[in-house]
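Read the structure below first, then the notes.
The values are calculated or read from the model by the stated rules, or taken from the named source; none is laboratory data. In this text the structure is predicted, and so the values were computed from the model without any measurement. Cβ placement follows ideal geometry from the backbone for every residue including glycine, while neighbour counts extend to all protein chains displayed.
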Amino acid sequence: MSRKFIPLSVPTLKGRELEYVTHAVETEWVSTGGPYVNEFEEKLAEYVKSKGAVSVQNGTSGLHISLKVCGVTRDDEVIVPTLTFIAAVNPVKYIGAEPIFMDCDDSLCMDADKLLEFCKMECSLIDGRLINKKTQRHIKAVIIVHVFGNMANMEQIMEIADKFNIKVIEDSTEAIGTYYTEGKYKGKYAGTIGTVGVYSFNGNKIITTGGGGMIVSNDKELLRKAKHLTTQAKSDELYYIHDEIGYNYRLTNLQAAIGLAQLEQLESFIQTKRDNYKLYKEKINNIQGLSILNFEKGIRSNYWFYSLYVNDEYPLDRDEIIKYLASKKIQIRPIWGLISEQSPYVGCQAYKIEKASNYLGHVINIPCSSNLSKEDVQYVIDCLRSPEKNQ
């Protein structure tokens, strides 16, 4: 009997998804109108304790609108991480602004110390505007990505933002459910600390709507503006009067129906992923040359992705492990290629990229689905424990 395939990250659709979608179809509310859209927005805002939420087609469109409502224009610059999925950076270019790439720390999130150093040494604060000495452009915002369900150092980042008058956009597309358990922001969820936060419900996320995303903020005027822009900027819905360029970015009622059912199960998904993470960590950290990266202290992570660090003591390198586990029907992946090295961004400013380059060569993500069984986890561990014997 052949071994079943173990995917990297797939959704669990065992709740009330079918019930809610069937109701949406039966009532013929399937497009961007419909009660599930409003209910999903309300329930998600309630879950993360924000003052409101605006649904969008995906996390990328959420970031695009977030930059717009933060006032970023084509004359501005935005500080971004180099270690992230490219969708976190592309919206900067949609607007016509320029990214400045920042290194990561050991959480894989943006290095707050280097961010501070860059703002102090490479910029000038002139009339309340952070000006890049190299380009003489206004740095208006920073996009912070909470990588793999970890949490960036938001205490320090918010202090930097306040000092240098820059907007903070939290790309929390991987971190819904993650929150601080201690410190200044105890009880605050990823996405609710900065100016605006964005979540994603792509198929590989901890909860999914197939596609889709959500903008959250504690600034009600910003949320009003976001909803206006995502619904084609209608100033008069009856007579189709539009007061600026808008976007067709709204979530559909069918997607929201799925999202609502997924949100109801989020805490149980996190519990499963936490248990599997602990099992991986306990066993793999005893294998010479391998370790599972930690999540930051002082947070309750959603444990979205598990990062396996491969050092030179292990008999296989990163790429060899990927091929070897693929032969065992285990799907894994390397972390993203650094965005500052991608063709569209090669000429952009990058500041002291060091740790990100190291992690790129040594980190892979291993199976982490919310329906992953302990038997599947153990099989992955067994394959990693004796690669020579299994080859």
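Tell me the strands (runs of 3 or more DSSP E) entirely within segment 23-113 that contain at least 2 residues that are basic (K, R) and farther than 19 Å from I143 by Cβ.
Filter on segment 23-113 gives an empty set.
Quickly run through segment 164-219 and pick out the residues that are β-branched (V, I, T) and not in a loop (DSSP other than H, G, I, E, B). Walk me through how you get there before you give the answer.
The initial filter retains those residues of segment 164-219 that are β-branched (V, I, T), namely 166, 168-169, 173, 176, 178, 181, 192-193, 195-196, 198, 206-209, 215-216.
Those that are β-branched (V, I, T) and not in a loop (DSSP other than H, G, I, E, B): V168, I169, V196, V198, I215, V216.
Can we say N248 is surrounded by fewer than 14 Cβ atoms within 10 Å (Cβ to Cβ) and not acidic (D, E)? Considered against the rule, which asks whether it is surrounded by fewer than 14 Cβ atoms within 10 Å (Cβ to Cβ) and not acidic (D, E), N248 comes out as yes. When you check D75 against the structure, is it under 20 Å from H146 (Cβ atoms) and either crowded, with 23+ Cβ neighbours inside 10 Å or in the same structural domain as N165 (by TED's automatic domain parsing) (or both), yes or no? Considered against the rule, which asks whether it is under 20 Å from H146 (Cβ atoms) and either crowded, with 23+ Cβ neighbours inside 10 Å or in the same structural domain as N165 (by TED's automatic domain parsing) (or both), D75 comes out as no.
So if I check each of M151, M158, which one is in contact with a Ser or Thr (Cβ under 7 Å, 6 or more places away or on another chain) and at pLDDT 95 or above? Break it down stepwise before answering.
Working: M158 fails: in contact with a Ser or Thr (Cβ under 7 Å, 6 or more places away or on another chain).
Checking each option against the conditions leaves just M151.
Scanning segment 1-22 for residues that are part of a helix (DSSP H, G or I) and polar (S, T, N, Q) turns up just one, T22. Here T84 meets the list (1) surrounded by 24 or more Cβ atoms within 10 Å (Cβ to Cβ); (2) over 27 Å from K134 (Cβ atoms); (3) touching a helix residue (DSSP H, G or I) at 6+ places or on another chain (Cβ under 8 Å); (4) not hydrophobic (A, V, I, L, M, F, W, C) almost entirely, failing just condition (2). Residues of segment 3-37 that are free of Cβ contacts under 8 Å to residues at least 40 places away in the same chain and not acidic (D, E): L18, T22, T27.
Could you identify the single residue in K120, K51, K114 that is under 24 Å from the mean Cα position of the chain (by Cα), surrounded by fewer than 15 Cβ atoms within 10 Å (Cβ to Cβ) and either under 22 Å from E155 (Cα atoms) or small (G, A, S) (or both)?
On the way: K120 fails: under 24 Å from the mean Cα position of the chain (by Cα); K114 fails: surrounded by fewer than 15 Cβ atoms within 10 Å (Cβ to Cβ).
From the options K120, K51, K114, the qualifying one is K51.
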